[in-house]
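Peer 1: This is the structure I want to talk about, given as structure tokens.
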Amino acid sequence: MSDDLASKGREIRTRLWGQSAFESAEAYLEKFDPGFAKHLNEQLFGGVWGRPGLPTAARSMITVAVLMALGRGAELRLHMRGALNNGVTEAELKEIIVHVGHYSGVPTAVEGIRAFADATNPPP
């Protein structure tokens, strides 16, 4: 079962951020703590993101909304890029920013706009 979750986690993370970014993130997390890296890959991405109840694009949109509301700018940028790779459109991301901004406040909307700009206009 663990191998299935590990494989599913790798597949989802690669779909979100690409093979190179997955390998870089995995090496970074493993250097910090191999058990934590394994837990995130298997439980969060393989177990939660890999559940059949929602399409991964919907999970991306939920994650973007939560990270925006919590004011987690660095992770928000990462997950906005992943959402775009996962089939979420720029128009959908804009709607998430407008919607969440009304519930979590203008400063979170402004941070969402900054993250959107970074995700849609990455440096060369």
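The values are calculated or read from the model by the stated rules, or taken from the named source; none is laboratory data. Remember, it's a predicted structure, so these values are computed and weren't measured experimentally. For neighbour counting, all protein chains shown are included, and Cβ atoms are generated from backbone atoms with ideal geometry for every residue, glycine included.
Peer 1: Every residue in region 74-89 that is farther than 14 Å from residue 117 by Cβ and charged (D, E, K, R), please. Quick ask: steps written out before the conclusion?
Peer 2: Taking region 74-89 first, the residues farther than 14 Å from residue 117 by Cβ are 74-75, 78-79, 82-83, 85-89.
Hit for region 74-89 is 75, nothing else.
Peer 1: Check residue 18 against each of (1) loosely packed, with under 14 Cβ neighbours inside 10 Å; (2) on the phi > 0 side of the Ramachandran plot and name the one condition it does not meet.
Peer 2: (1)
Peer 1: Quick test of your reading of the structure: residue 34 fulfils all but one of (1) surrounded by 13 or more Cβ atoms within 10 Å (Cβ to Cβ); (2) of a type outside the set (Val, Ile, Thr); (3) not assigned by TED's automatic domain parsing to the domain that holds residue 106. Name the failing condition by number.
Peer 2: (1)
Peer 1: If you don't mind, there's one more thing I want to ask. Of the residues 83, 58, 69, which is modelled with pLDDT of 95 or more and touching an Asp or Glu at 6+ places or on another chain (Cβ under 9 Å)?
Peer 2: None of the other options fit; the residue is 83.
Peer 1: Would you mention how many residues in region 91-117 are surrounded by 13 or more Cβ atoms within 10 Å (Cβ to Cβ) and either within 16 Å of residue 16 (Cα to Cα) or of a type in the set (A, V, I, L, M, F, W, C) (or both)?
Peer 2: Residues flagged as surrounded by 13 or more Cβ atoms within 10 Å (Cβ to Cβ) and either within 16 Å of residue 16 (Cα to Cα) or of a type in the set (A, V, I, L, M, F, W, C) (or both) within region 91-117 amount to 8.
Peer 1: Report, by residue number, each residue of region 1-30 that is farther than 19 Å from residue 75 by Cα and not in a loop (DSSP other than H, G, I, E, B).
Peer 2: Within region 1-30, the first condition is being farther than 19 Å from residue 75 by Cα, and the residues that meet it are 1-8, 11.
Across region 1-30, the qualifying residues are 2, 3, 4, 5, 6, 7, 8, 11.
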